[in-house]
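Notes for the one structure printed next.
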């Protein structure tokens, strides 16, 4: 694509703004800044201050990457007037009733609308159900900008595909889906994203198709994990080791291996509810998707119940027993504790009267307290001896722990609940643990 508009972006006469500088927005802004003039906007002043100082509390971007990029970090929305392309990557969570909460998206659309320049393109990256961009966001932009979509500004959708904590598959390594309300805008976005995404660009035929493609990516993974979680429950009742079954089944070339475990976070554990909400609004009750969600949402309580069984089998009193939970973040090697399902284990054990202590080397103590009202312990050694340990998150730092080290944190013949199957069963039993895993 070669025209004057492209030349203006390459010569830094036109700018790209990224709204929302979290797990999605910041890595994208850093990549774009290698080629284009970039404005990085976030409503949180403290976030802007830390990024300006070269600090990314999410751990997704290094200090060197931040300091070498020439991003104009700001919490002043007036600077959005300078952008010819505005990319919105704010969170799309669910509320306590598992209903999509698109307030952040609406709020971002309002801010963008107030400062949108005529002729600009607004691109959404947030995960939504089909129709949100054109039916909800566009009217908000039109209302606050006084401009007409399609005439005075254009809109597009390019779903984010960031995998938090993954240092192998970054923005440039993952094929980017782009879509817009017309071919010319789609081609422009394909060129803009294609300038930094080396893995390739896929042009979706329309915005709703791109929205649908994004939401089913995580639904598919959610359902596959739900399947192995259900299998793990069945095999546990039959006295069969799930990992051994998966090892055997994986020898067939077309077997898709998924591991049982907790499904939390702001993607896989949330996105299915966006599509089921939309499906129900048009008169269809999705059976398979919601069934998978119920299984995965209940795994924390299932793990807690089996912890109690193991305590009883080891002749330990349940009430006032001391359990150490290792790991609280929703996945390994990140600091994000949003929608972590480890908290379900914690809450369920507390209901049984167990004294529960939680350690996590990556989670922020203040964020954990504000979000869940619990205080992380600094060092497991400070609260020993424990009656049992639940290894909930497979952080790299926990991989360095030996069974003998864990045994020293406990008394007698303790319980070891190895959620992610980090250790070999026979080694754990030999070390003196009452061992259980999914």
With just the Cα atoms of segment 103-193, tell me how far they stretch along each of the three principal axes, in Å, largest first.
43, 30, 23
Between 0 and 90 degrees, rounded to the nearest ten: what's the tilt of helix 207-238 against the longest Cα principal axis of the chain?
0
Go ahead and run the numbers for FRET between residue 55 and residue 76, Cβ-Cβ distance against an R0 of 30 Å, rounding to 0.05.
0.90
Relative to the longest principal Cα axis of the chain, at what angle does helix 287-297 sit, 0 to 90 degrees, rounded to 10?
60
Compute for segment 35-154: radius of gyration divided by Kirkwood radius, i.e. Rg/Rh, restricted to C-alpha atoms, rounded to two decimals.
0.99
Kirkwood Rh, Cα Rg: Rg to Rh for segment 367-438?
0.99
By average C-beta atoms within 10 angstrom, highest first, the peptides 408-414, 418-424:
418-424, 408-414
Paramagnetic reach from residue 46 in segment 331-364 [backbone N under 20 Å; point 7 Å along Cα→Cβ]
334-340, 360-364
Fewest Cβ neighbours within 10 Å first, please rank 435, 352, 274 accordingly.
352, 435, 274
Find the Rg to Rh ratio for segment 298-436, where Rh is the Kirkwood radius over alpha-carbon pairs and Rg uses the same atoms.
0.93
Ordered by fewest other Cβ atoms within 10 Å, a rough proxy for footprinting exposure, 251, 74, 133, 402 read 251, 402, 74, 133
With an 8 Å Cα cut-off and a minimum separation of 6 or more residues, compute the relative contact order for segment 14-146 in percent.
25
Got the relative contact order for segment 298-436 handy, in percent, Cα pairs under 8 Å and 6 or more residues apart?
26
Starting from the 7 Å offset along Cα-to-Cβ, what nm value, one decimal, do you get for the label separation of residue 378 and residue 429?
4.0
Sorted from fewest to most neighbouring beta carbons within 10 Å, what does the list 144, 235 look like?
144, 235
Calculate, in nm to one decimal, what residue 163 and residue 64 gain on full extension: separation in residues at 0.36 nm each, minus their alpha carbon distance.
33.6 nm
What percent does the relative contact order of the chain come to when contacts are Cα pairs within less than 8 Å and at least six residues apart?
11
Inter-centroid distance (Cα atoms) of segment 1-41 relative to segment 372-391, Å:
45
With label points set 7 Å from each Cα along the Cα-to-Cβ direction at residue 256 and residue 369, the distance between them in nm comes to 4.4
Helix 183-194 against the longest principal axis of the chain: what's the angle in degrees, Cα atoms only, rounded to the nearest 10?
50
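Laboratory data are not the source of any read-out in this text; all were calculated from the coordinates shown. All figures in this text were calculated on a predicted structure; none of them were measured in a lab. All Cβ positions, glycine included, derive from the backbone under ideal geometry; neighbour counts span all protein chains shown.
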